[in-house]
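The next block holds one structure in the form of structure tokens; read it before the comments.
The values are calculated or read from the model by the stated rules, or taken from the named source; none is laboratory data. Just so we're clear, the structure is a prediction, and the values are computed from it rather than from any experiment. With ideal geometry, Cβ positions are generated from the backbone for all residues, glycine too; neighbour counts draw on all protein chains shown.
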């Protein structure tokens, strides 16, 4: 029995270390957190946001830069929502928090026809409320719990259903230019977040705004990606890498690249060309850069 517990603990330590390094790399690569930042972690009660908060709290202890963390939850007044769960958890771990109470549930139910997907309107309402809170409270970075799989699912949703080559960026300036949104879990895999959450035994709160409703398009993307990951190990990593390795002159967007102005012998002006060879990341370089920004994440 003791050997089993020891093995389980070793597995958890490796998983935790890997997730922390992934978060550290993402923060370093996109300069997500700087000295003096006030980071608002949007806590939904799901596995992703709990994991995000846990890892950022750990990094905060070792980082050479000082930054503040405040956890914020939007209570949308869904029937049966367990209001006590998040305050009890956050008080137990000693994290400053704020619960925003807004009845968006009634708005969504009134506006969206029965049986239609509510996710779009729900997310827009949440975003507006959270942006407003951030401005009022001096928040400099808004941290969301989207992970690598979310980014890839959104990428293919936009291709198949939106006719756009677009995903979720790891760092985003809001349309009104007033808020910076960061996604520190951008390099983390959902299945590893699920394992981490199970190890930590977070008090998960299911989203019952939609009841049993599912976003069928996103579900289809998730199933497609899971199938690829199982059948072709490494494919998802390659696809994600492609989002960081774009050659506008090899696409077809005339607004992004001056195809009309191309002349024989003339320059091809775009972002610096990437090698045609497979990209091999220098992990030692990235580890040193991450450590320089966030300190040890061991």
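Could you please let me know if residue 202 is over 22 Å from residue 99 (Cβ atoms), surrounded by 18 or more Cβ atoms within 10 Å (Cβ to Cβ) and at pLDDT 95 or above?
The answer is no for residue 202.
Of all residues in the stretch 47-72, count the ones that are surrounded by 18 or more Cβ atoms within 10 Å (Cβ to Cβ), under 18 Å from residue 17 (Cα atoms) and either in contact with a strand residue (DSSP E or B) (Cβ under 9 Å, 6 or more places away or on another chain) or without any contact (Cβ under 8 Å) to a residue 40 or more places away in the chain (or both).
Residues in the stretch 47-72 being surrounded by 18 or more Cβ atoms within 10 Å (Cβ to Cβ), under 18 Å from residue 17 (Cα atoms) and either in contact with a strand residue (DSSP E or B) (Cβ under 9 Å, 6 or more places away or on another chain) or without any contact (Cβ under 8 Å) to a residue 40 or more places away in the chain (or both): 4 in total.
For the stretch 235-265, what are the residues that are closer than 17 Å to residue 151 by Cβ and either surrounded by fewer than 14 Cβ atoms within 10 Å (Cβ to Cβ) or free of Cβ contacts under 8 Å to residues at least 40 places away in the same chain (or both)?
Those that are closer than 17 Å to residue 151 by Cβ and either surrounded by fewer than 14 Cβ atoms within 10 Å (Cβ to Cβ) or free of Cβ contacts under 8 Å to residues at least 40 places away in the same chain (or both): 235, 237, 238, 241, 242, 244, 245, 246.
Looking for whichever is over 30 Å from residue 186 (Cα atoms) and either under 28 Å from the mean Cα position of the chain (by Cα) or modelled with pLDDT under 95 (or both) here; the options are 243, 256, 262. Which one fits?
The unique qualifying residue is 262.
Just to be sure, is residue 78 surrounded by 15 or more Cβ atoms within 10 Å (Cβ to Cβ), in contact with a helix residue (DSSP H, G or I) (Cβ under 8 Å, 6 or more places away or on another chain) and part of a loop (DSSP other than H, G, I, E, B)?
Answer is yes for this residue.
Could you tell me which of the residues 155, 196 is under 24 Å from residue 54 (Cβ atoms) and either touching a strand residue (DSSP E or B) at 6+ places or on another chain (Cβ under 8 Å) or buried (at least 18 other Cβ atoms within 10 Å of the Cβ) (or both)?
On the way: 155 fails: under 24 Å from residue 54 (Cβ atoms).
Within the list 155, 196, the selection yields 196.
For (1) in a helix (DSSP H, G or I); (2) touching a residue at least 60 places away in the same chain (Cβ under 8 Å); (3) under 20 Å from residue 217 (Cβ atoms), each residue gets a yes or a no:
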residue: 138; (1), (2), (3): no, yes, no
residue: 149; (1), (2), (3): yes, yes, yes
residue: 158; (1), (2), (3): yes, no, yes
residue: 164; (1), (2), (3): no, no, yes
residue: 167; (1), (2), (3): no, yes, yes
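Please indicate, with yes or no, whether at least one residue in the stretch 212-219 is touching a helix residue (DSSP H, G or I) at 6+ places or on another chain (Cβ under 6 Å), closer than 30 Å to residue 66 by Cβ and either in a loop (DSSP other than H, G, I, E, B) or modelled with pLDDT under 85 (or both).
No, because not a single residue in the stretch 212-219 is touching a helix residue (DSSP H, G or I) at 6+ places or on another chain (Cβ under 6 Å), closer than 30 Å to residue 66 by Cβ and either in a loop (DSSP other than H, G, I, E, B) or modelled with pLDDT under 85 (or both).
Tell me, please, whether a residue that is closer than 22 Å to residue 179 by Cα, assigned to a loop (DSSP other than H, G, I, E, B) and modelled with pLDDT under 95 can be found in the stretch 86-101.
No, that holds for no residue.
Got a sec? Which of 145, 128, 162 is modelled with pLDDT under 95 and closer than 28 Å to residue 103 by Cα?
Result: 128 is the single residue among 145, 128, 162 that is modelled with pLDDT under 95 and closer than 28 Å to residue 103 by Cα.
Taking the stretch 169-179, which residues are touching a residue at least 12 places away in the same chain (Cβ under 8 Å) and surrounded by fewer than 19 Cβ atoms within 10 Å (Cβ to Cβ)?
Here is the first cut: in the stretch 169-179, the ones touching a residue at least 12 places away in the same chain (Cβ under 8 Å) are 169-171, 174, 176, 178-179.
Passing the criteria: 169, 171, 174, 176, 178.
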